[in-house]
Amino acid sequence: MDVSLALGSGAARGLAHIGVLKVFEENGITVREIAGTSIGSIIGGLYSQGYSAVEMEKIALENSIFDYIRMADFQVPPSSAMLKGKKVQSYIETLFGDKTFADTKIPFKAVATNILNGKETVFNSGKLSDVIMCSISIPGIFPPFEYQGTYFVDGALTNPVPIDILELKNTIKVGVDVTPKHIYHDKEDIKSLMKTSNILMQSFAIMEDNIVERKMGNFDNIVIIKPVFDKPILYHFHKAKYFISKGEEATRKILDYIV
């Protein structure tokens with residue numbers, strides 16, 4: 001069975017995309033085109049180059065919490081963002097090298113947001129590492145990324161699950177939604193929210209969730225995979241095994257709609 005796949009934003013929760021792809025591979029489901037936003041652009045970009053889900057899982061599991069701490073190059077005092085983003089950029093360049101969209105084995109698109117005019121930008125050409133930096137540059141966390149004479153921030157601001165930019169006709173369109181909105185109930189839970197970084201992330205999550213809801217209402221005959229997570233743990237990249245398992249779990253539940 002052939003699918004067109006949209007991988008959404010969601011920070012560390014986006015590691016669930018690897019679990020989705022693992023189940024696809026186990027069941028003979030072939031991905032014919034990929035669109036990705038933010039973390040979805042990283043996973044989608046790697047998969048489009050020919051990385052298997054197992055190979056991506058190995059990369060994710062090899063990185064410890066200390067590896068991610070070392071990538072936190074804080075700006076003191078902060079100006080355009082909390083982090084400089086140079087260490088993350090170096091890591092992305094290590095993953096993708098000098099590869100361009102022309103080098104991909106599966107047609108691939110990545111979404112970013114032009115911070116100067118607020119418009120969604122869909123990339124299908126250029127250097128992969130640069131475009132992915134455009135797509136993952138979360139406002140306030142990373143500075144806007146300068147590319148092709150303008151500045152870009154995270155694609156989640158305009159298209160968190162870019163299923164609408166998939167083009168192939170004879171495939172099943174599948175979107176993976178890991179948008180991280182969390183409903184807070186008890187006092188301890190609410191207390192955990194009352195930190196600047198958590199308020200910022202919850203605000204983004206509410207926005208993303210509303211965008212996804214509106215966009216999905218415009219489509220028929222699509223399959224949405226939405227993993228369920230215990231908490232809105234957005235930056236726990238060192239818990240890759242947990243996130244990947246959640247992606248596998250959610251995908252197995254909808255297999256009958258694809259296979």
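The values are calculated or read from the model by the stated rules, or taken from the named source; none is laboratory data. No experiment lies behind these values; they were computed from the predicted model shown. Cβ atoms come from the backbone with ideal geometry, glycine included; neighbour counts cover every protein chain shown. To get the accessible areas, we keep the full protein, side chains included, count just its heavy atoms, and leave off ligands, DNA and RNA. Shrake-Rupley method; radii C 1.70, N 1.55, O 1.52, S 1.80 Å.
Across segment 12-27, rounded Karplus estimates of 3J(HN,Hα) from the backbone phi angles (6.51 cos²θ - 1.76 cosθ + 1.60, θ = phi - 60°) give 4, 4, x, 5, 4, 4, 5, x, 4, 5, 4, 5, 4, 5, 5, 10 Hz, Gly and Pro being marked x. Rounded to whole numbers, the Karplus 3J(HN,Hα) couplings from phi for segment 126-136 are x, 6, 4, 5, 5, 5, 5, 4, 4, 6, 9 Hz, using 6.51 cos²θ - 1.76 cosθ + 1.60 with θ = phi - 60°, and x at Gly and Pro.
In the chain, the DSSP-assigned H stretches of four residues or longer account for a calculated mean residue ellipticity at 222 nm of -12000 deg cm²/dmol, using -39500 (n - 2.57) per stretch and the full residue count as denominator. Counting only protein heavy atoms and a 1.4 Å probe, the chain has 48 square angstrom of accessible area per residue. Bridge orientation summary for segment 85-160: considering DSSP beta bridges with both residues in this region, about 90 percent are antiparallel. What percent antiparallel are the DSSP beta bridges of segment 1-141, to the nearest 5? Counting only bridges with both partners in segment 1-141, antiparallel ones make up about 35 percent. What the phi angles of segment 44-49 give under the Karplus curve with 6.51, -1.76 and 1.60, with θ = phi - 60°, is a coupling list of x, x, 5, 5, 5, 7 Hz, glycine and proline written as x.
Across the options 74, 14, 114, the greatest Cα extent toward the positive end of the charge dipole of the chain (unit charges at beta carbon of Lys, Arg, Asp, Glu) belongs to 74. The structure-derived value of Cα extents along the principal axes in Å appears in the list (i) 76, 39, 36; (ii) 52, 47, 37; (iii) 56, 40, 36 under the label (ii). From the alpha carbon centroid of segment 123-158 to that of segment 1-39 is 21 Å. Ligands, DNA and RNA left out, the accessible area of segment 11-55 computed with a 1.4 Å probe is 44% carbon and sulfur. For the chain, modelled as a GNM whose springs connect Cα atoms under 10 angstrom apart, the maximal fluctuation among 48, 137, 79 occurs at 79. Segment residue 148..residue 63, full-extension length gain: 27.4 nm, with 0.36 nm per residue of separation and the alpha-carbon distance subtracted.
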